[in-house]
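To start, the structure itself, in structure tokens.
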There are 4 protein chains.
Amino acid sequence: MTLSISTRLAYEFATPTDFLLQIEAAVIPEQRLSNTRLTTTPSEYFTRVSAQDDVGDRIWMRHEGPFEINYAADVAIERMIAPIEDLPMVAPHDLPAETVQYLMDSRYCPATHFQHFIDTEFAHETGGARIAAMRDWIAASFSYEAGSSNSDTTAIESFVERRGVCRDYAHTLIAFARAAAIPARFASVYAPDVTPMDFHAVAEVFLADPTVDAPGAGSWHLVDPTGMAKPEDIAKIAIGRDAADCSFITFYGSAELVAKDIAVTRTG
Amino acid sequence: MTLSISTRLAYEFATPTDFLLQIEAAVIPEQRLSNTRLTTTPSEYFTRVSAQDDVGDRIWMRHEGPFEINYAADVAIERMIAPIEDLPMVAPHDLPAETVQYLMDSRYCPATHFQHFIDTEFAHETGGARIAAMRDWIAASFSYEAGSSNSDTTAIESFVERRGVCRDYAHTLIAFARAAAIPARFASVYAPDVTPMDFHAVAEVFLADPTVDAPGAGSWHLVDPTGMAKPEDIAKIAIGRDAADCSFITFYGSAELVAKDIAVTRTG
Amino acid sequence: MTLSISTRLAYEFATPTDFLLQIEAAVIPEQRLSNTRLTTTPSEYFTRVSAQDDVGDRIWMRHEGPFEINYAADVAIERMIAPIEDLPMVAPHDLPAETVQYLMDSRYCPATHFQHFIDTEFAHETGGARIAAMRDWIAASFSYEAGSSNSDTTAIESFVERRGVCRDYAHTLIAFARAAAIPARFASVYAPDVTPMDFHAVAEVFLADPTVDAPGAGSWHLVDPTGMAKPEDIAKIAIGRDAADCSFITFYGSAELVAKDIAVTRTG
Amino acid sequence: MTLSISTRLAYEFATPTDFLLQIEAAVIPEQRLSNTRLTTTPSEYFTRVSAQDDVGDRIWMRHEGPFEINYAADVAIERMIAPIEDLPMVAPHDLPAETVQYLMDSRYCPATHFQHFIDTEFAHETGGARIAAMRDWIAASFSYEAGSSNSDTTAIESFVERRGVCRDYAHTLIAFARAAAIPARFASVYAPDVTPMDFHAVAEVFLADPTVDAPGAGSWHLVDPTGMAKPEDIAKIAIGRDAADCSFITFYGSAELVAKDIAVTRTG
């Protein structure tokens, strides 16, 4: 699958403001980029640094006044896709050290609170089948409602409200998975069939690779509880503990969003 | 400074429970360990993995029934101590990539909410002097009250309540620092003058090293807003985004604490 | 049913502190009190005022230093009991004006958040049968665990955690009922079979009285989702929007609880 | 002062929905209404009931499809205005019984959390002077920013964020006052100089009447920490514990706001 991505963001910064952007498709083995183009209003500086777990880059800039950034790229996605239902979990003590952080409670995924519910509601499945049951439970219980959540909404409120947008669906699945001792992280992505078109968010869970005969052998698998995106169609931008790590913009000052236009189309 | 540390934890696990321990002083360049001894009730397994940022280890175990772990070590602390008041901040775009995660909102440190307060209350200091002002503000505004907070208490509630225990003090300083674009992380530690004696928690901030002529050159500095521990007296156990990463025990099941005895004394 | 109640509270007030007590069984038509005795450490003043909806009294006192209050009474309960399953709801526009406040979100019962869940999970029942289904759902989903909640725990957290103590059970049922447009309030009570013995809390819902041919005719019915108390065994102390209105003590200063002994036995 | 008020609300109800409106200026001694006109789309029913503390009415309606309500009135305000700075507080034990509920924690005003801050920050004033100091502190510390809060924002978050809209200012002052044992309630009002023009919200506090020689003699005084409205210019719609009691619309179902137009002008 090849996606053609085009993003335009425009802001007005009332004062000189440092900000951090995460809007480019990540250059990682499973994503081959071509025809990339990034243009911005000239700013005080422009620095790229590796983002969380070396998936993608973060761009630091600083600017005052009107600002615009345009990004375009074609992304050929060559991701190994496995039906998660068939994958066992990795026993906690076999988990690779770097995945353990994705068991911990985070800003939007206070997983500890969900242990009792998970133990009861998903008592009969394990591993990937349990994740699939969680995904299906969320898909069946939640309604997707634009504007029904805000930047303070955690998986707690989403679980009670039974509604939200993509990030709320992802946060809830991440909290569920962690409560079951399965590492789960947040992926900020581009995907073609998102309605309304916008940056998209999905969960990623760490499950065992049954074809490799070594304890702890496993890999990350994208799971979208909204059902809007399939792993083979997803271009990752950044990953993190939750949305707090993956905002398309984080700023230190005040910023007014003037325009946000995103287009993602299948081109191959 | 050499500290002699002795810790005993006893739990009762009603069902077979996976758990993660972070109770050993970290083996890192600034801490030289000797006479270490770790003994536990025999359990289903025992695995050590590197903890966050390779500071210390995490131990995975699984057990049912009564469980006890005893740990002892002598820790010679050889930490470079700098008066933080004199240290500049590292400009955001010069920050080493791995420190940027410590600017983000986390479970107990939703820093974004504090930006307006920080911009106003600490408008006239920068860098380490600003951190010192934040530390002093917390020390002056808060009262230390055992039992005044719980495992859900974030920096938001601590800031409103103006009281808490060491972890609440640390969370508040971390949230303040991040709101000022200064990376800040949580350190779970041993320290000798903690009252009542227990695991202790402090903040650690990333500031520039003015003696090195390279953008981004900097290091982490321990800061204790409770005033109970000095950096030269602190033995680090683990570091993380906040207390969620550094619990002395995280378990998947139900556990009843039977005993927790901690002793930390200066021996050299 | 007659209950014999005996309560002893002891506090230490470090500074002169105003406080409000709600510990006496209410003198209301459905409760006939005898052998009442209230003795306290002499204090700066002692004033009784009617409590919420004229159910019971509140006592204001002010004291510094050690303080003790002892209360005893026999309460003959003559409450009309109806099987709530058979009672219709009162249409919102027919509700008596003074019950409408019990539809509103309150400190511990932010009912609005539960509307989607209630509409889906309890779609097929109405009125008292719906309340009974909610009560049974909570009883089946929750575990009663002393110490699992705190003074900040709302129905939101209880619903996610699926556990709590009596006040959490009551708050959750109240939030559910209000989300269904059925007025619900909190009752602080004495009941004989509470384990461990303590002040108890239940919900009270307003349902139609089908024997009276007038729109809005209805009455309040006690419902205990913990299953520990039956309406005919319950001596009401106070009612309110939620626990915030009915604390056995509310103080303006600092107070240390020294002793709390409660005994409730059936004597007739 | 006479205000001329005109309000138009339009909604689209996707399903038959019960809703409660609180949009009319209250008929109370201090407000003389004339030229009132209320017109609505015909609906399934229309019932008025007295609102909280008998200040104003609540209107119940039920409708499906497009709905519009228009309200207009002239309100002559004849309110006794006292400089609150000169008014003593009523000692808690002298408070009229019906004011005690306004000391309790409510949905948006969890006052208990603020006791330590209030005791420290406002240690040197009492009564009305203390309220004035609180009002001035909020006015100086907060910035008024449309869109900076949402329907979940409590005084806790507003206090940390140091910003909000009129209801957040009011909630913060109410929480402060209650933490000082001064009854405080929320008033939903019309006022002429509100920018942008909308329903407005202020706090109301209960202070002693020094001209009356009786313990507990006191009255309610409007206080607007945003500084946008003066008591003599305010037409009360409803009062309550906080915004949860005074929403201009509360509905049981789903409603889409189509239009909200409010005009308030001085006409005498």
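For this structure, a couple of remarks:
- In summary, D:Asp213 fulfils each of the numbered conditions (1) charged (D, E, K, R); (2) over 13 Å from D:Leu103 (Cα atoms); (3) within 15 Å of the chain's Cα centre (by Cα) with the single exception of condition (3).
- Of all residues making up segment C:89-100, the number that are more than 16 Å from D:Tyr252 (Cα to Cα) and without any contact (Cβ under 8 Å) to a residue 60 or more places away in the chain: 2
- Qualifying residues in segment C:9-19 (those that are open to solvent by less than 10 Å² (accessible area, probe 1.4 Å) and either of a type in the set (S, T, N, Q) or closer than 16 Å to C:Ala73 by Cα (or both)) - the one nearest to the chain's Cα centre (by Cα): C:Leu9
- Screening A:Met89 on (1) closer than 19 Å to B:Phe19 by Cα; (2) in a helix (DSSP H, G or I); (3) over 19 Å from the mean Cα position of the chain (by Cα) shows it passes everything except condition (2).
- Residue-level check: of (1) of a type outside the set (Lys, Arg); (2) within 14 Å of another protein chain (Cβ to nearest Cβ); (3) more than 21 Å from the chain's Cα centre (by Cα), C:Glu125 misses just (2).
- D:Pro196 vs. criteria over 15 Å from the mean Cα position of the chain (by Cα), more than 12 Å from every other protein chain (Cβ to nearest Cβ) and open to solvent by 10 Å² or more (accessible area, probe 1.4 Å): yes
- Among residues of segment D:199-213, those that are touching a Cys at 6+ places or on another chain (Cβ under 9 Å) and surrounded by fewer than 24 Cβ atoms within 10 Å (Cβ to Cβ), counted: 1
- Top-ranked residue in segment D:7-54 [being away from chain C (no Cβ under 14 Å) and among the charged types (D, E, K, R); ranked as nearest to D:Ile69 (Cα to Cα)]: D:Arg8
- Inside segment A:210-229, residues that are modelled with pLDDT of 95 or more and either closer than 19 Å to A:Ser151 by Cβ or part of a loop (DSSP other than H, G, I, E, B) (or both) make up a count of 6.
- Residues in segment B:138-179 that are of a type in the set (Gly, Ala, Ser) and open to solvent by 10 Å² or more (accessible area, probe 1.4 Å): 9 in all.
- When segment C:138-190 is filtered for residues that are assigned to a helix (DSSP H, G or I), among the charged types (D, E, K, R) and either facing chain A (nearest Cβ under 10 Å) or over 15 Å from the mean Cα position of the chain (by Cα) (or both), the ones remaining, listed by number, are C:Glu157, C:Glu161, C:Arg178.
- Residue in segment A:20-49 that is farthest from A:Tyr190 (Cα to Cα), counting only those that are open to solvent by less than 50 Å² (accessible area, probe 1.4 Å) and touching a Gly at 6+ places or on another chain (Cβ under 8 Å): A:Ile28
- Out of C:Ala244, C:Ala259, C:Ala255, one residue alone is under 12 Å from the mean Cα position of the chain (by Cα) and either modelled with pLDDT of 95 or more or within 14 Å of chain D (Cβ to nearest Cβ) (or both). It is C:Ala244.
- Being closer than 30 Å to C:Phe13 by Cβ and touching a residue at least 24 places away in the same chain (Cβ under 8 Å) is a property that C:Val75 has.
- Unique residue being in the same structural domain as C:Ile156 (by TED's automatic domain parsing) and either among the polar types (S, T, N, Q) or in contact with a Phe, Trp or Tyr (Cβ under 6 Å, 6 or more places away or on another chain) (or both) when the list is C:Gln115, C:Gln52, C:Gln22: C:Gln115
- When residues of segment C:22-71 are limited to those that are aromatic (Phe, Trp, Tyr) and without any contact (Cβ under 8 Å) to a residue 40 or more places away in the chain, the one farthest from C:Leu9 (Cα to Cα): C:Tyr45
- Selection count, segment B:122-137, where residues are loosely packed, with under 15 Cβ neighbours inside 10 Å and in a helix (DSSP H, G or I): 1
- Hits in segment C:101-137 - residues which are within 27 Å of A:Glu145 (Cα to Cα), β-branched (Val, Ile, Thr) and in contact (Cβ under 8 Å) with a residue 60 or more places away in the chain: C:Thr112, C:Ile118
- Taking the criterion of being assigned to a loop (DSSP other than H, G, I, E, B) and more than 21 Å from D:Ala263 (Cα to Cα), the residues of segment D:43-86 that qualify are D:Ser43, D:Glu44, D:Tyr45, D:Ala51, D:Val55, D:Arg79, D:Met80, D:Ile81, D:Ala82, D:Pro83.
- For segment D:70-112, a tally of residues being aromatic (Phe, Trp, Tyr), more than 17 Å from D:Glu204 (Cα to Cα) and not assigned by TED's automatic domain parsing to the domain that holds D:Leu21 returns 0.
- Members of segment B:99-121 that are open to solvent by less than 20 Å² (accessible area, probe 1.4 Å) and either modelled with pLDDT under 95 or more than 13 Å from chain A (Cβ to nearest Cβ) (or both): B:Phe117
- When the residues of segment A:57-88 are filtered to those that are within 11 Å of chain B (Cβ to nearest Cβ) and either surrounded by fewer than 17 Cβ atoms within 10 Å (Cβ to Cβ) or of a type outside the set (D, E, K, R) (or both), the one that is nearest to A:Trp220 (Cα to Cα) is A:Ile59.
- Verdict on B:Ser6 being at pLDDT below 95, surrounded by 15 or more Cβ atoms within 10 Å (Cβ to Cβ), in contact with a strand residue (DSSP E or B) (Cβ under 7 Å, 6 or more places away or on another chain) and not acidic (Asp, Glu): no
The values are calculated or read from the model by the stated rules, or taken from the named source; none is laboratory data. This one's a predicted model, so the numbers in the text were calculated from it and none came from an experiment. Please note: Cβ atoms are built from the backbone with ideal geometry, for glycine as well, and neighbour counts cover all protein chains shown. Side chains included, ligands, DNA and RNA excluded: accessible areas come from the protein's heavy atoms. Shrake-Rupley method; radii C 1.70, N 1.55, O 1.52, S 1.80 Å.
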